[in-house]
Every structure is written in structure tokens, then in C-alpha cells.
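Laboratory data are not the source of any read-out in this text; all were calculated from the coordinates shown. Keep in mind that this is a model prediction, so the values were computed, not measured. Here Cβ is always computed from backbone atoms with ideal geometry, including for glycine, and neighbour counts include all displayed protein chains.
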Amino acid sequence: MRVDLTDSLSRLLPEEAFGHSVPSSLWTALRTDVETVVAPGSAEEVATILKWASEMGVRVVPIGTGAHTYPRYPRDPFIVLTTSRLNEIQHYEPADLTMTASAGASIRDLSTEMATHGQWLPFDPPDVPNRTLGGLVATGLSGPLWAGYGQLRNHVLGATIVCGDGRALRLGGKVVKNVAGFDILKVMVGSRGELAVITSVTVRLFPLPVVDRLLVLEATDVSELVSTARAVATAPIMPASIILSATSDGGRLLVRLHGARVSVEADQKSLEKHTGVSFEVRNTPEAESLLVQERGSGIDTELVVRVWALPSRIGVLLDLLKQVPGVSLNADVYGGSVRAYLPVNLSDIESSLAGLQKDIEELGGTIRVLRIPAEVDASSYFAKPLVDEGELAAGLKRAFDPHAVLWGIE
Amino acid sequence: MYRLLEKTDEEPVASLLTGKVSSGMTRPLPSTVVSDLAKIVGHEHVITDPDRLLVYESDGLTAYRRPPRAVVLPSSTEEISAVVGLLHSNGIEVIPRGAGTGLSGGALTTPEGVIVGTARMNRILKIDVENRIAIAQPGVINARLTEATNPYGLYYAPDPSSQSTCTLGGNVAENSGGPHCLKYGVTARYITGLTVVLAGGQIVEIGGVGRDPYATLDLVGLFVGSEGCFGIATEIELRLLPITEGVRTLLGIFESVESAGRAVTKIIACGLMPAAVEIVDGPTIKAVEASVFAAGYPLEAGAALVIEFDGTEAGLDLDADRAEQCCLEEGAIEVQRATDPEHRVKLWRARKKAFGAMGRIAPDLLVQDATVPRTKLPEVLAGIDDIGNRYGLKIANVFHAGDGNLHPNILFDRQNQNELELVERASKEIMQLCVDAGGTITGEHGVGVDKRKYMTLVHGPAELEAMAAAKRVFDPASLFNPGKVLPEVEVKGATDTAKILATGE
Ligand SMILES: Cc1cc2nc3c(=O)[nH]c(=O)nc-3n(C[C@H](O)[C@H](O)[C@H](O)COP(=O)(O)OP(=O)(O)OC[C@H]3O[C@@H](n4cnc5c(N)ncnc54)[C@H](O)[C@@H]3O)c2cc1C
Ligand SMILES: Cc1cc2nc3c(=O)[nH]c(=O)nc-3n(C[C@H](O)[C@H](O)[C@H](O)COP(=O)(O)OP(=O)(O)OC[C@H]3O[C@@H](n4cnc5c(N)ncnc54)[C@H](O)[C@@H]3O)c2cc1C
């Protein structure tokens, strides 16, 4: 970053906005060292930064924690905008089951507050407590709990955003049903900071389940687990989530049941009858730590890909993926996605990935790189939009970020 | 900053008073266009006979009427594409239409428009039991999808009260809700992929189960609720749910609608997750009891609350007990409970037949629609009551209380000009009341033509311009359903960007 550029920015913002640190994994993701990190203290400052960047031709990467940013390839000068100072709860009405908080608020802090009222946000992407609300919404994935609760995008009721050119917009509202106009809020969920910086979010909350029961089944034969998992996914009752983790040595199926004690017990019986197996039972807090371990394990692996396919194809995908020596897999059986943690000592990452990509596409799936060592160019391992979809997305990008200040959608 | 966006020669602000937006003949289509359309879909599926066009002059909001220049009824995605291509290349606006049950005038034609109806696109193309999805054409009636999937132990969750007549295409366009959307969510949650025909007839596939959602933006989510203004959905991929094991239905009778409203808040706040919570107020009960649909509700009741739980049989009685307790604590006069289907139908009757019954006590009915935070229901209901009294209008409330989604229905007589004006003014006050309570101007019926005038109550110029920009991405020349959703008038005054920035709200 040129000194005159950073100088001109520092004249626009208070001192507190500078001198913040970000995790080193961010540099890996961004494939470069970043000199300038700004931490705006208000949505106005976010707008100031984006207007400045538009004028100066500088790009901006918004982050929450910065820990989960996916690989990108910077070309122009850029700065990192962290939401770490935008972290308060703005509005919480437990009786309405709605909460509005600033984008940088950590899910852990928000959850603590919700729990005092017996409520929660039922989304469990890996390492969720360490994420920010804005990061959760910007990445848009819900984790396996969407089997029982629906996707995050359906529970984001409103948001305030600052578009790439500094325009502030208030989208949606605070009510659970709202069709007053075109739903541009939906495209902000999962827009990965490519259209706008999210400054606050209103979410719909849920009552904490009275009983959170984890059913566990372990086996060395993964295909056996897969058929049980698929039987669970097509059973007459709907579990809260169905996770299958596997390595080349075997695997573990985790089925989560939520509800009152009597109904959870009945659900377990009905699942056991339907699948013909009996599960081991873990209750909170033991269940929780097992889940955290399962969902978070491998989070620091240097090479991570995610594969998507029709849920009924999960078995063939796992069959294929588990052949990679040293791989560790985590599948959302209801949603149809598998996260694969690959050993970095793969002799030649690029050709291995290319081979994997070809095989997966033949099975009707798609592959996407989530994390990759800095030396490797991963740009060809992103699932591509269909051509027309890409054009529509590009049109929206131009509408919200006309000067392409925020990275993304090329 | 928000400017005139689309040129139509319609009145600047549609209103009930100017409701009959056109009388007499509309300009017929050039005969070459008619014959080209006939070549695509067949003669019998191009309607130009003025008498037959009258059927298409309004949707469920009959206050606005205008016959289209023609109606075309294609039978496939390819035919829709060819029809749209032909019309657009002649600069003719396309108005998509399903069953015409919409309540905001969404399927009302523009003066120069042609309606493209989906009535013949009524096939369910695929039921994928293993992945619990179905692919249907847009003209499939909502309830038929559930009937067709029931044999596999599955059903389609969103259940608008009009489900026996409205189409899936209309549901997608309006992002429709229904009584059971409290627990299960509205249409958007169930639409996983779409084939759409866009401007000029371009066929585009978006989304789909099994695709990486990261591959692009949530275009499906954006298309849902676009009210026919972005394009025509021609194939719809939907998520199905397993049929629940058991159901319990409760009917609570209350002295006032406010206490029923408080019971709703209590039920939700104590951690229960009912499938549906619906309120029928006193005036509605009286109307139903006076009609052929009489359900045996006490006439002196101020309100009735229909509460339903579904799920695993074993937990249901417990939930029902707790909900009953909540009702009694808020002063319920009596609480009935149904376990068998027959009794259940009886408890639901007043809710389901409310609109039919109201039609019998007043010549005209304006079904309003707005959402407020659930906790604000008691005060907002009191406020609506007050508005009705001040204008001397009868307002009957029957609505999705669990979601805070109100339907104040204003009864009136359109022959009475004076009353019409009062209806218009009362509607506006009700909208303002709901917005002031932290709510919005429509929860499920959409903006259409009727609520454009209220859009500025909830959106500033910058938001409206952003919505217009989103429309331009899909439909640059505004040839799909122009004159809907976005107000055409210039919005005066400063943008409230400053306020958003200052308060973050
Ligand atoms: C190994 C690995 C596996 C993963 N697996 C999953 C998975 O299974 N399911 C899943 O859901 N996610 C997964 N992710 C994605 C990751 O967990 C999410 O990106 C995470 O939610 C980000 O939270 P954060 O607050 O740390 O945001 P960050 O890591 O700081 O940012 C994440 C993304 O959001 C954007 N962003 C952050 N805040 C804002 C804001 N306020 N406005 C606009 N944009 C913003 C950033 O630009 C970036 O693109 C995985 C990531 C990795 C590296
Ligand atoms: C008695 C009654 C009860 C009702 N109850 C409810 C309720 O509980 N919940 C609720 O949400 N609504 C309710 N409605 C409103 C209405 O039924 C819904 O809005 C419904 O989704 C409209 O479907 P339709 O097929 O009739 O669409 P139409 O009225 O024909 O069209 C509605 C809109 O959708 C567009 N459209 C139609 N098909 C397509 C397509 N294939 N692609 C793109 N755009 C299209 C049209 O252009 C128009 O803008 C009720 C209506 C009545 C009359």
C-alpha cells in the first residue's frame, strides 16, 4: 500500500480505527501480506472507507474474524476492513424471538445473551462460536442443523448494509413475514462480502430444545453407516441434523434429536425401528463436546475442499473421497455436502485436485476449495455458476458495487 | 434520488377510488401478432374475444379491473419462451398469471399488456422421494402437490388459505404464506430451484438441490417474491416434508381480541412451537355464525384462537396442555381440544370459512395484510378497532397471529362513493399504525398495484432504487408486469441513509 494512500485514509478516521491485528491465516487466504487493516467504529465510518476506496481505486476485503476467508487473488492495492469494533446488541425482544446486533458481534456473545432467555440461533457451521454474526450471514451456510430448522437465509429478517460505493441501505425488517418489495436481502445472505459490507443483522431466534439428544453409531464399514444415514434421512421423522464423519479406518454417524423428552424418546424408537439399528445415546453436555469435536476437527487443516451433490449421492461421493490416503471427511447427509480435509503431503496437490474434480463431476457433484496452501493456485477448483446465472450475478454485482471495490464475482 | 422508473400511462397512484382503471375496449393486438402467437400455442389458446377476456380483467382484488389485449395459454417452457420472445420483440408487456387469486392486483394487466397464463402448465414433472423434492410446472394447484406426494408419506408445507385454487407459480411470485408457516416457514424456504423465462424469452435455470450454493448468489431467493416483475417461473423445484405423525387442535374462546393476542405472545414466549396460531375476532365469528358455515362458536365471544401442534404423537398432549394453560391464564372462557380429524375440521371451520361468510354480510370486502412484531398485537388490534370506529367502518380480523401477520378485513359497499373514500383513508391509517409498531405493509399478499402507494412508509429512496436496480438486472426494458411493486412517483425528501448510519436500524 502506498504511503500517500494510507495517509489519506488515516485523515478520515479516528485513531482507534487503526492498529488492529488479524489472524495470520488471513494472509494465506489472501495470498499476500496486507499492511492496512481498518476497524470502523460505526456504519458511517464503513461508508467513509468505501467511498474513499471508490475514489482511490483501492479494494476492500471485509472480514469478521478473518479466520474463514476463502482463497482470493488480489491484483490491486487493497485494505482489510474488520468489523471487530461493531459489536453491540442493538435490539433484543425475547418475546418476539428476534434480535438485532452489529455485524462484528461474536456468535458466542450473542448466544450467551440468548441462552439467558432460553433461546438460540440453530446454526452450526464449524467453529461457530468464534464467528461473527456478519461473517455467518455473509457466508450464508447453515451447517447440518438446517435439516431440522431450515436454512439461515430464511431466518435473516433484516440487515443494514453499506454497498460498495458507500450507499447505506436498510433491508427487510424486524418481522418474520415480510413481502414489501423485491427481496434483495436474500442475495446479501451468502454474498461473502462481494456486494456490500453488512453492518447489522436482525435474526429470528428459536426456543432452546428441552432435550438435545445425540444418537451415535460407529462402524469400520463406512458404506454400512451411509445406508443407515440415508435411511435416517428418509425416515418419517425429521432429525435436527444428520452428520457422518469418516476416515479410511471407519466412521461415525451422529443423529441429533430435539424436543420434549417424551417426543425425543419416541423419535429415537421410531428411527431405530425404521433403520433396524440401535444407537448409543449421548446427552448434553457430553453430546455437545462430541459435536464440537466432530464439527471443528480439521478446521486448521491446510487443504480443505467441499463437495456438493444430491443427498442420495452422498454414498458414492464418500466411496470416492475415502480412497484419498489420510483423508478425513465430514458429511451433512440431509443437505448433500461433504467437507474433505486432505493431507497436505499429497505429492502434487494440483493434479490430485484436478483428478478429484473430474471424478466428482462425473458423479454429478461439484467441488470447491475452502482452504489451500498459499503456493497453489486454486482458482480452477471453484464450482462454477451456470453461464446465465453468472450473468445475473454479475449484473447484481454492478448494481451494488459499481466500482468493484469489494472483491469477488469477476 | 428515486426517479420515475417505468413509463406506463396508468394513473400515478392507483387507489380504490380510481379502481376501475379502464372501461370500454382495449386496443386489440395487431392481427399478425395474434396469428404468430397462435402458431406457437394453437388458435384455441390465444384469447382475444372481449367477452372471454373479461374473466381476466382482475385478480382476487376485484376493485381494480382492466381487460387485457389478449390472453395466451402456453403449455411448456419452450412455448412460454417463444411467446415472451414474440411479445417483447414487439414491445408488448407481459403479465404472468396463475389462478388469479392474488389479493394485491398483481395479475392486473397494463393498458398495453398481454396476459400469459399458466393454466395449461399443470403437470407435476417429478417426485424424487429419496431426496424429498418435486419438480412441478407453475400452473399446478398448491393442494394438488400435497395430494400427489401424500402416497409417499410426504407433503408440501406452505398452505395458503387459497390452496385449493392458487398455483405454485403464483405462490413463488408472491412468496405466499399460510396458517402452518408459523412453524414451517413461507414459500421461499421450500423453493430450491427454478427454470425461468426472462426478457426476450431467454430460458435460465437457477439453483437446484445438490448444486453448490456458493457457486453464485441466491438468485432463487431473489426471484421468489418478485411478483411477476422479473420473469415467468416455468419449472419449480420444491422441497417436501414427511407427513407428521400426530396433530392436536385447540380452540380457545376469549372475551376480547386483545386477550387472545396476549395468549399468543405467552404461548410463543414459553418456548412452545405450534404449527399454527390463528385468530378469528368477534365480528368474524358473528358473520360466520350467521352464515351457512355456522361452526357453533359462542356469539358473545370477542375472539377465538385456533392453535395447532403437530409432530411426534408422544409429545403433543404435553404441548397442548401447556398452550391451554397459557390461554386460561390470559382469561380464556373455554378451551376445546380435538384429536380426531372430524372434530379438527369443526374447530377450524370459522377460520377457513371466514372470507366466504363475510361476503354474505357486506357487498364488498377489502382484505388487508400487514405484519407487526407479535408482542405488539394487542395494542395494534386495539388501534385498528379505534380506526374502524372513527370511520364508522366494520373491520373484521382473521389472521395468522403466531407470525404477527394481520388481515384486517374492511367491509363496505362500493356503490357508496363516500364509504369508498373512508375505506381508502382507514387502510392508510392501518398501514401507518402497523409500520409505527415496527411492522410492515404486507406479510404475504404482496405489493402488486394496490400497495405501491404505501411503499414509502417502509422504504427510503435508496432502498427503492436498489430494488429497481435488481429488477433491471432481470428485466432491463421493464417488459414484465410493469407498474407493480415499485411506486412510480418521485419520492421527495432526504434519503434516510443518515439515520440508518447513525442508529444502525
Ligand atoms: C476449513 C474450512 C471449512 C469450512 N466449512 C464450512 C462449513 O462446513 N459450513 C459453513 O457454513 N462454512 C464453512 N466454512 C466457511 C467459514 O466457516 C465461514 O466463512 C465463517 O462463518 C466466517 O465467519 P467469520 O466471522 O470468521 O468471518 P470471516 O472469516 O472473517 O469472513 C468470512 C467471509 O465473510 C465475509 N464477511 C465477514 N464479515 C462480513 C461483513 N460484515 N460484511 C460482508 N462480508 C463479510 C468475508 O469477506 C469472507 O468472505 C469453512 C471454512 C474453512 C476455512
Ligand atoms: C380466499 C383467499 C385466501 C387467501 N389466503 C392466502 C394465504 O393464506 N396466504 C397467502 O400468502 N395468500 C393468500 N391468498 C392470496 C393468493 O391466493 C396468493 O397470493 C397466491 O399465491 C396467488 O396465486 P395465483 O396462482 O392465484 O396467482 P395470481 O393471482 O394469478 O398471480 C399473483 C402474482 O404472481 C404472478 N405470477 C403468477 N404466476 C407466475 C409465474 N409462473 N411466474 C412468475 N410470476 C407469476 C402474477 O404476475 C401476479 O403478480 C388468498 C387469496 C384468497 C382469494
The rounded separation in angstrom of the Cα centers of the range A:122-161 and the range B:400-471 is 30 Å
Helix B:377-391 sits off the longest principal axis of the Cα atoms of chain B, rounded to the nearest 10 on a 0 to 90 degree scale, by 70 degrees
Where a ≥ b ≥ c are root eigenvalues of the Cα gyration tensor, a/c under 1.5 meaning rounded, otherwise prolate if a/b exceeds b/c and oblate otherwise, chain A counts as oblate
Computed about the Cα centre, the charge dipole of chain A from +1 Lys/Arg and -1 Asp/Glu charges at the Cβ has a magnitude in debye, to the nearest 20, of 860 debye
Quick calc, chain B, dipole around Cα centre from Cβ unit charges on Lys, Arg (+) and Asp, Glu (-), nearest 20 debye, gives 700 debye
If one compares the long axis through the Cα atoms of helix B:257-269 with the longest principal axis of the Cα atoms of chain B, the angle in degrees, nearest 10, works out at 90 degrees
Quick calc, the range A:211-381, dipole around Cα centre from Cβ unit charges on Lys, Arg (+) and Asp, Glu (-), nearest 20 debye, gives 600 debye
When chain A is treated as a Gaussian network with springs between alpha carbons less than 10 Å apart, the largest mean-square fluctuation among A:Ser351, A:Ser111, A:Ser25 is found at A:Ser351
Diffusion coefficient in µm²/s returned for the range A:89-207 by Stokes-Einstein, Kirkwood Rh over C-alpha pairs, 4 °C and 1.567 mPa s, is 92 µm²/s
To the nearest 10 degrees, the tilt of helix A:3-12 (Cα long axis) against the first principal axis of the alpha carbons of chain A is 90 degrees
In vacuo Debye sum over C-alpha of the range B:378-454, base-10 log of normalised intensity I(q)/I(0) at q = 0.24 Å⁻¹, listed in q order, is -1.29
Taking chain A and counting helices only, DSSP H stretches of n ≥ 4 at -39,500 (n - 2.57) each over all residues, the nearest-500 ellipticity at 222 nm comes to -9500 deg cm²/dmol
Eigenvalues of the alpha-carbon gyration tensor of the protein assembly as shown, times 5 and square-rooted, give semi-axes in Å, largest first, of 42, 34, 29
Partner aspartates and glutamates whose C-alpha sits under 17 Å from that of B:Lys183, ignoring same-chain residues fewer than 8 away, are A:Asp96, B:Asp159, B:Glu245, B:Glu278, B:Glu308, B:Asp310, B:Glu313, B:Asp319, B:Asp403, B:Glu444
For the range A:211-381, Rg(Cα) over 2.2 N^0.38 Å is 1.08
Using alpha-carbon coordinates alone, the radius of gyration and Dmax of chain B in Å work out to 22.9, 70
proj_area_mean for the range B:246-447 (convex hull on C-alpha atoms), units nm², value 10.8 nm²
If unit charges are put on Cβ atoms (+1 for Lys and Arg, -1 for Asp and Glu) and the dipole of the range B:214-362 is taken about its Cα centre, the option from B:Leu328, B:Ile232, B:Gly282 lying farthest towards the positive end turns out to be B:Gly282
Checked against the positive end of the charge dipole of chain B (+1 on Cβ of Lys and Arg, -1 on Cβ of Asp and Glu, about the Cα centre), the farthest of B:Leu305, B:Thr110, B:Ala338 is B:Thr110
Residue separation between B:Leu365 and B:Ala290 times 0.36 nm, minus their alpha-carbon distance, gives in nm 25.3 nm
